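Notes follow once the structure below has been shown.
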Amino acid sequence: ETGVTQSPTHLIKTRGQQVTLRCSSQSGHNTVSWYQQALGQGPQFIFQYYREEENGRGNFPPRFSGLQFPNYSSELNVNALELDDSALYLCASSQAGGPYNEQFFGPGTRLTVL
Amino acid sequence: SQQGEEDPQALSIQEGENATMNCSYKTSINNLQWYRQNSGRGLVHLILIRSNEREKHSGRLRVTLDTSKKSSSLLITASRAADTASYFCATIYNQGGKLIFGQGTELSVKP
C-alpha cells in the first residue's frame, strides 16, 4: 500500500451534475497529481498541485478544477458532467525536489456518468 | 495524447515462462517508470530507470532503456499467475513534471 487514499471508491452521477473527488497524499509528500483513465487506456494527466497552487495542467477543459489544502490533501471537481467523463480517476502524491519523482498512486475513484 | 506505445497490447503465457514488454516514446526524458495495475485499480510502482542508466534489476524484474532508440523493455522472469495484470510505462520530462503513460500491455499468466 502506498499510503495514498481516495474517496469515494465508486460514484454514479447523471449528465450535467457536479462531482467532487478527494485524495489524501502520502505522509511527507507535498505534490498531488490527478489522472483520468478511460477503460482500456493509459492514465492521462489532468493537473498537478504543489503547495496549494496549480502546477501544470493537461488537455482538460476548465470544468475540471482542483484544490490542494494546507495538509496537502486535494480535491478534483468536475462540473457539468458528460458521459465521456466516465472513467477511473487516480491521484498520485510525490515529493517535489526529490531525486526521482516517483509518484505513488491511490486506489482510484470509479466514476460512472449516466 | 499519450507519449508512447507499448507492444504487445496483450500477452498470454504459461506460469514459469518469461514475459517481455516493450515501450517506445517520442521525446527526450528525465526518467522512465514501469507500473502494474490489477483489474482497473490503482497503479503500483515497479521500477524507475533514469535517462543515464541502461539496465536495472529488481527481484524478477529487469528493465532496459535505450535512449538512442527511445525505447524500453520490461522483462519478468519465471512468471507467476499473480503477475497477471496490465503493465504501463510512463515517462517524465523533467523534475516535478507530469507522467505520460503508454496504453499498456495486458499480461495473462496461466497456471
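Residue by residue through region B:61-79, note down the ones that are in a loop (DSSP other than H, G, I, E, B) and either within 14 Å of chain A (Cβ to nearest Cβ) or among the polar types (S, T, N, Q) (or both).
B:THR67, B:SER68, B:THR77, B:SER79
So how many residues does region A:58-114 have that are of a type outside the set (Val, Ile, Thr), assigned to a strand (DSSP E or B), buried (at least 19 other Cβ atoms within 10 Å of the Cβ) and more than 12 Å from chain B (Cβ to nearest Cβ)?
Count: 5.
Go through region B:80-108 and report how many residues are buried (at least 22 other Cβ atoms within 10 Å of the Cβ) and part of a loop (DSSP other than H, G, I, E, B).
Here the count works out to 3.
Residue-wise test of (1) more than 18 Å from B:TYR93 (Cβ to Cβ); (2) outside any strand (DSSP E or B); (3) more than 11 Å from chain A (Cβ to nearest Cβ); (4) touching a helix residue (DSSP H, G or I) at 6+ places or on another chain (Cβ under 7 Å).
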site	(1), (2), (3), (4)
B:ILE13	yes, no, yes, no
B:MET21	yes, no, yes, no
B:LYS26	no, yes, yes, no
B:ARG41	yes, yes, no, no
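Please go through region B:52-111 and give me each residue that is aliphatic (A, V, I, L, M) and under 14 Å from the mean Cα position of the chain (by Cα), ordered by number.
In the first step, residues of region B:52-111 are kept if they are aliphatic (A, V, I, L, M); the result is B:61, B:63, B:65, B:74-76, B:78, B:81-82, B:85, B:90, B:92, B:99-100, B:107, B:109.
The answer is B:LEU61, B:VAL63, B:LEU65, B:LEU74, B:LEU75, B:ILE76, B:ALA85, B:ALA90, B:ILE92, B:LEU99, B:ILE100, B:LEU107.
Can you name every residue in region A:25-56 that is of a type outside the set (Asp, Glu), surrounded by fewer than 16 Cβ atoms within 10 Å (Cβ to Cβ) and under 15 Å from A:ALA92 (Cα atoms)?
A:SER27, A:GLY28, A:ARG51, A:GLY56
Being more than 14 Å from every other protein chain (Cβ to nearest Cβ) and without any contact (Cβ under 8 Å) to a residue 60 or more places away in the chain is the filter here; which residues of region A:2-41 pass it?
The answer is A:THR20, A:ARG22, A:SER27.
Here are A:ALA87, A:ALA38, A:ALA92, A:ALA80: which of them is of a type outside the set (Val, Ile, Thr) and over 14 Å from the mean Cα position of the chain (by Cα)? Break it down stepwise before answering.
Details: A:ALA87 fails: over 14 Å from the mean Cα position of the chain (by Cα); A:ALA38 fails: over 14 Å from the mean Cα position of the chain (by Cα); A:ALA92 fails: over 14 Å from the mean Cα position of the chain (by Cα).
Answer to the check: A:ALA80.
Since every read-out is calculated from the coordinates, none of them should be taken as a lab result. Note that the coordinates shown come from a computational prediction; the quantities given were computed from them, not determined experimentally. We place every Cβ from the backbone using ideal geometry, glycine too, and count neighbours over all the protein chains shown.
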